[in-house]
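Peer 1: The following block contains the structure, expressed as structure tokens.
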Amino acid sequence: MITVSLPNKTYQIKIANGLREQIGLQIKSIWSQRQILIMTDEQVGHYYLAETRAQLEAVGYQVTTLVLPGGEQTKTLPYLEQAITTLADNHFTRDDGVIALGGGVIGDLAGLTAAMYMRGIAFIQLATSLTAQVDSSVGGKTAINLGQTKNIMGTFYQPDLVLIDPTYLNTLAARDLVEGYAEVVKTSALAGGVLWNLTGKIQSKADILENALTLIIQSVQYKAEIVKQDEQEAGIRKYLNFGHTIGHAIELLAHGKLRHGEAVSIGMIAITQRFVKADISTAKFLDDLRNRLTVVGLPIDSSLVQNPDMLHQLVHDKKNRAGVLQLVAIKTPGEPLIIPKALTDMNKFMQGA
């Protein structure tokens with residue numbers, strides 16, 4: 001169990017195999033009787049919605065469900081409106097709550113729904129994907145996309161509880177598991193030490209599953225410590241964007257052909273290649289990073305990195321401060337730093353590798 005203590009909220013992240021069999025009891029321990037909206041997507045709902053609903057109803061909650069399409073296209077205004085309308089139509093009040101049962105997309109959408117409805121109602125994350133378990137369920141970021149701009153509409157809204165059960169990963173498709181592992185590699189590069197060494201031993205999807213509990217715990221511990229020091233990304237929380245500035249841009253330009261973690265994998269390599277040339281990152285770190293990604297089948301290159309539209313996307317990056325991007329470099333594992341780079345210099349910088 002990891003406790004996240006913030007100025008205005010303290011909550012727990014519980015991580016254990018078999019935790020999904022205790023959902024009703026875990027939630028009853030922190031929430032009084034109320035209406036609950038479970039938000040999920042079609043794939044996760046197929047496997048886990050019925051059992052989750054049954055557990056909650058068994059301990060006395062009144063449950064409404066909303067099953068949405070999977071994929072990034074669900075993080076948009078029409079689905080946010082549908083979720084909020086569902087709450088209103090079922091007469092939810094400020095004393096009720098929303099549960100996200102799913103991965104990063106559902107977590108972001110459900111969190112924003114809870115944050116906006118009646119100016120904020122209770123929210124819990126049941127993270128089912130590796131991306132959500134190691135990254136997106138932790139820290140309170142909620143957002144949707146608008147047009148071709150990723151995560152542009154959102155807020156910081158902390159959950160009351162995060163439950164993470166690695167056995168959810170057993171029903172993930174191989175590609176979905178591996179794309180989530182990109183976030184583990186990212187965190188291990190930022191953290192260095194034990195976690196970096198562990199990702200160096202992962203050679204396959206089977207290794208990811210076998211070591212899932214340890215990988216998740218160590219990733220969440222690192223991120224939780226960052227969030228506790230910098231909840232709203234004024235300083236060191238920006239480190240967590242390693243690979244994401246380029247990654248988010250090419251993810252949108254790929255129009256669904258790249259998963260989030262795949263785009264981040266490409267983004268980490270692209271930015272590190274350029275920082276190696278600038279004598280900021282070491283060539284050994286780049287080689288070790290590349291090996292960790294390719295050994296499990298993650299992509300590390302895309303023609304979209306050189307696409308002129310990619311540079312246009314950077315204008316909308318949330319780390320754009322008055323025309324200056326806050327790029328994240330890693331000199332060696334465990335040594336991240338922020339490198340300011342003017343947007344007007346990005347074309348030359350991107351052509352430099």
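Peer 1: Divide by every residue of the chain the summed helix terms, -39500 (n - 2.57) for each DSSP H run of at least 4, and state the resulting mean residue ellipticity at 222 nm, rounded to the nearest 500 deg cm²/dmol.
Peer 2: -13500 deg cm²/dmol
Peer 1: With the Cα gyration tensor of region 113-159 in hand, give its eigenvalues times 5 under a square root as the equivalent ellipsoid semi-axes, listed largest first in whole angstrom.
Peer 2: 18, 17, 8
Peer 1: So, one more: For region 47-131, what is Rg from Cα atoms divided by 2.2 N^0.38 Å, rounded to two decimals?
Peer 2: 1.04
Peer 1: If you don't mind, there's one more thing I want to ask. Output the Cα-based Rg and Dmax of region 182-299 in Å, rounding Rg to one decimal and Dmax to a whole number.
Peer 2: Reported Rg and Dmax, both Å: 14.2, 38.
Peer 1: To continue, here is another question. H312: accessible area at probe 1.4 Å, nearest 10 Å²?
Peer 2: 110 Å²
Peer 1: Let me ask something additional. Could you work out the local net charge near R175, counting Lys and Arg as +1, Asp and Glu as -1, over the other residues with Cβ closer than 14 Å to its Cβ?
Peer 2: Around R175, the surrounding residues sum to 0.
Peer 1: List the residues, sorted by chain then number, that are 5 or more residues from L6 or on another chain and whose placed amide H is less than 5 Å from its amide H.
Peer 2: Residues meeting the amide H criterion: Y11.
Peer 1: Taking every Cα atom in region 252-314, find the radius of gyration and the maximum pairwise distance Dmax, and write them in Å.
Peer 2: Cα radius of gyration and Dmax of region 252-314 are 12.2, 34 Å respectively.
Peer 1: Using a cut-off of 12 Å between beta-carbons, work out the net charge of the residues near D135 (Lys and Arg +1, Asp and Glu -1, D135 not included).
Peer 2: 0
Peer 1: Which whole-number value in Å² is the accessible area per residue of the chain, probe 1.4 Å?
Peer 2: That works out to 40 Å² for each residue.
Peer 1: Then there's this: Please name whichever of I13, H91, V67 sits farthest to the positive end of the charge dipole of region 4-112, dipole taken about the Cα centre and charges placed at Cβ: Lys and Arg +1, Asp and Glu -1.
Peer 2: I13
Peer 1: Give the long-range amide H neighbours of L68: residues separated by 5 or more places, or on another chain, with amide H under 5 Å away, using H modelled in the peptide plane at 1.01 Å from N.
Peer 2: It is T40, D41, E42, by chain and number.
Peer 1: Which of the pairs K28/K186; K9/K331; K9/K341; K9/K277; K223/K277; K141/K341 have their Cα atoms more than 31 Å apart in this structure?
Peer 2: Where the Cα-Cα span goes over 31 Å, the pairs concerned are K28/K186; K9/K331; K9/K341; K9/K277.
Peer 1: Mean separation of Cα pairs under 8 Å and 6+ residues apart, divided by the residue count of the chain: what relative contact order is that in percent?
Peer 2: Worked out over the chain, it gives 15 percent.
Peer 1: Using DSSP, restrict attention to beta bridges with both residues in the chain and report what percent are antiparallel, rounded to the nearest 5.
Peer 2: Of all bridge pairs located within the chain, approximately 40 percent are antiparallel.
Peer 1: Sticking with this structure for a sec: If you take every residue apart from K205 with its C-beta less than 15 Å away from the C-beta of K205, what net charge results, scoring Lys and Arg +1 and Asp and Glu -1?
Peer 2: -1
Peer 1: What number, in percent, do you get for the relative contact order of region 220-267 if the mean sequence gap of Cα pairs under 8 Å and at least 6 apart is divided by its residue count?
Peer 2: The value is 31 percent.
Peer 1: Something else about it: Remind me, what semi-axes does region 109-205 give for its equivalent ellipsoid, largest first in whole Å, using sqrt of 5 times each Cα gyration tensor eigenvalue?
Peer 2: Result for region 109-205: semi-axes of 28, 15, 14 Å.
Peer 1: Considering the Cα trace of the chain, what is its radius of gyration and what is Dmax, both in angstroms?
Peer 2: Just the Cα atoms of the chain yield Rg and Dmax of 19.6, 61 Å.
Peer 1: Using a Gaussian network model of the chain whose springs link C-alpha atoms within less than 10 Å, name the residue from R20, R119, R53 with the highest mean-square fluctuation.
Peer 2: R119
The values are calculated or read from the model by the stated rules, or taken from the named source; none is laboratory data. This structure is a prediction, so every number in the text was calculated from the model and none was measured. Cβ atoms come from the backbone with ideal geometry, glycine included; neighbour counts cover every protein chain shown. Just the protein is used for accessible areas: all its heavy atoms, side chains included, with ligands, DNA and RNA removed. Shrake-Rupley method; radii C 1.70, N 1.55, O 1.52, S 1.80 Å.
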